[in-house]
Amino acid sequence: MPMHLTHELRARGMGTSEIRRRVRTGELHPLRRGAFATEPDEGTARHLQLIRATLPSLADGSVLSHVSAAVLHGLPVDERLLDRVTVTRPSKGGSWVGPQLHRYRTPLADSDVEEVDGLPRTVMARTVVDLARCGDLGMAVAAADAGLRTGVAREALDEQLKAARRRHGSARARVVVDLADGRSESAGESVSRVAMWQLGMPTPELQFEVTIGGVRYRSDFAWPDLGVLGEFDGKVKYDRLLRPGESASDVVMREKRREADLRAAGWWIVRWTWADAIKPERLARLLRPALERGHPQPAQHRLRSGTSPA
């Protein structure tokens, strides 16, 4: 969405009263003091504009980090945190939080910083560990999973952990990196996995493949020794399952046929949504009965855990 600064609008002949009028009528949407958008975008799109509106006012040496760097890297973030730009200044002294800016003061090595499209940001491995030290556990694991999935080496995360060992939240970051698994394909799957870990449930196999009558099916989670498959249901997942020329209803019907085949073969299938994943007690009510009453599946129905789609 296009962004305009106050001085640009004034240069076009708009006075204060005209700018206020356009805000009232919805022609302009305030991003921060002195910056307006012409479209009412939300989420990460609005945050990107907020970054560009904020950057000129930052002190030299400020680097986009944490949530803002995650947005730039395409990592999943908690959308409740998108109202503030997050930056790090390479020094010591804690953090400061304002209405639209969260500033950290933490040492930054030259190798921790890169510039893309004129925006200085922390590299992905540093961003993942910063989020792991400071953010929600489930979303921190989701970011770490996405980082591994898109090519960040686990060794790079370990190096960042080593550099951060004396910083606040370093022990928590170690837990996040230990839990991270690049086979998780969405934030919902990652958050679900963290909830299972918190609940003390058996560790599932991820992206587990089953073959029935020559047809190969894949599930997000599997406990093959208990005959249980788990599926996180989310809009993004169904969008990903769309094939050329298909509608959403086609995907739903195909998923129903898939589930019928799996159930007929003796698998117990449990489905849940984001609302369940973020409330471990709700996920427990869905999963525990299946895990406690499940039964092993014949070996011929199993393939393996993997990353290739079914």
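Quick one: Leu229 ticks every box in (1) closer than 24 Å to Ser190 by Cβ; (2) modelled with pLDDT under 95; (3) surrounded by 15 or more Cβ atoms within 10 Å (Cβ to Cβ); (4) not acidic (Asp, Glu) except a single one, so which number is it?
For Leu229, the exception is condition (2).
Would you say Gly74 is among the small types (Gly, Ala, Ser) and out of contact with any helix residue (DSSP H, G or I) (no Cβ under 9 Å at 6 or more places or on another chain)? Break it down into steps so the answer makes sense when it comes.
Values: among the small types (Gly, Ala, Ser): yes; out of contact with any helix residue (DSSP H, G or I) (no Cβ under 9 Å at 6 or more places or on another chain): no.
Spelling it out, it is not the case that Gly74 is among the small types (Gly, Ala, Ser) and out of contact with any helix residue (DSSP H, G or I) (no Cβ under 9 Å at 6 or more places or on another chain).
If I filter the range 110-128 down to residues being small (Gly, Ala, Ser) and modelled with pLDDT of 95 or more, which single residue comes out as farthest from Asp158 (Cα to Cα)? Give the steps one after another, and end with the answer.
Narrowing the range 110-128 to residues small (Gly, Ala, Ser): 111, 118, 125.
Next cut, modelled with pLDDT of 95 or more only: 111, 125.
Details: Ser111: 15, Ala125: 9 Å.
Checking each candidate, the answer is Ser111.
Can you say whether Val87 is at pLDDT 95 or above and either polar (S, T, N, Q) or under 24 Å from the mean Cα position of the chain (by Cα) (or both), as far as the supplied structure shows? Walk me through it before giving the result.
On the way: at pLDDT 95 or above: yes; either polar (S, T, N, Q) or under 24 Å from the mean Cα position of the chain (by Cα) (or both): yes.
So Val87 fits the description; yes.
Please enumerate the residues belonging to the range 123-141 that are touching an Asp or Glu at 6+ places or on another chain (Cβ under 8 Å) and part of a helix (DSSP H, G or I). Write out each step before concluding.
Keep residues of the range 123-141 that are touching an Asp or Glu at 6+ places or on another chain (Cβ under 8 Å), which gives 123, 125-126, 135-136, 139.
Once the filter is applied, which keeps residues that are touching an Asp or Glu at 6+ places or on another chain (Cβ under 8 Å) and part of a helix (DSSP H, G or I), the range 123-141 yields Ala125, Arg126, Met139.
Report yes if some residue within the range 134-150 is surrounded by fewer than 23 Cβ atoms within 10 Å (Cβ to Cβ), within 15 Å of the chain's Cα centre (by Cα) and of a type in the set (Ser, Thr, Tyr); otherwise report no.
So far as the range 134-150 goes, yes, one or more of its residues are surrounded by fewer than 23 Cβ atoms within 10 Å (Cβ to Cβ), within 15 Å of the chain's Cα centre (by Cα) and of a type in the set (Ser, Thr, Tyr).
Within the range 117-175, how many residues turn out to be β-branched (Val, Ile, Thr) and over 23 Å from Glu189 (Cα atoms)?
Quick first cut of the range 117-175, residues β-branched (Val, Ile, Thr) only: 122-123, 127-129, 141, 150, 152, 175.
Right, trim to over 23 Å from Glu189 (Cα atoms) and you get 122-123.
Final tally of qualifying residues: 2.
Can you tell me which of (1) modelled with pLDDT of 70 or more; (2) of a type outside the set (Gly, Ala, Ser); (3) surrounded by 15 or more Cβ atoms within 10 Å (Cβ to Cβ) is the one Arg32 doesn't meet?
Here Arg32 meets the rest and fails (1).
Confirm whether Arg172 is part of a helix (DSSP H, G or I), without any contact (Cβ under 8 Å) to a residue 60 or more places away in the chain, surrounded by fewer than 22 Cβ atoms within 10 Å (Cβ to Cβ) and not acidic (Asp, Glu). Show your work before the answer.
On the way: part of a helix (DSSP H, G or I): yes; without any contact (Cβ under 8 Å) to a residue 60 or more places away in the chain: yes; surrounded by fewer than 22 Cβ atoms within 10 Å (Cβ to Cβ): yes; not acidic (Asp, Glu): yes.
Yes.
Looking at Gly294, Gly306, which one is surrounded by 14 or more Cβ atoms within 10 Å (Cβ to Cβ), modelled with pLDDT under 95 and more than 17 Å from Asp220 (Cα to Cα)? Can you show your working first?
Values: Gly306 fails: more than 17 Å from Asp220 (Cα to Cα).
The match here is Gly294.
Within the range 175-218, which residues are outside any strand (DSSP E or B), among the charged types (D, E, K, R) and surrounded by fewer than 19 Cβ atoms within 10 Å (Cβ to Cβ)?
Within the range 175-218, the subset outside any strand (DSSP E or B) is 175-204, 213-214.
Checking which are among the charged types (D, E, K, R) leaves us with 178, 181, 183, 185, 189, 193.
Within the range 175-218, Asp178, Asp181, Arg183 qualify.
Are any of the residues in the range 236-251 touching a Ser or Thr at 6+ places or on another chain (Cβ under 7 Å), within 23 Å of Thr150 (Cβ to Cβ) and at pLDDT 90 or above? Can you show your working first?
We begin by selecting, within the range 236-251, every residue touching a Ser or Thr at 6+ places or on another chain (Cβ under 7 Å); these are 236-237.
Next, only the ones that are within 23 Å of Thr150 (Cβ to Cβ) stay: 236-237.
Going one step further and asking which of them are at pLDDT 90 or above, we end up with none.
No, the range 236-251 contains no residue that is touching a Ser or Thr at 6+ places or on another chain (Cβ under 7 Å), within 23 Å of Thr150 (Cβ to Cβ) and at pLDDT 90 or above.
The values are calculated or read from the model by the stated rules, or taken from the named source; none is laboratory data. Since this is a predicted model, take the numbers as computed values, not measurements. Here Cβ is always computed from backbone atoms with ideal geometry, including for glycine, and neighbour counts include all displayed protein chains.
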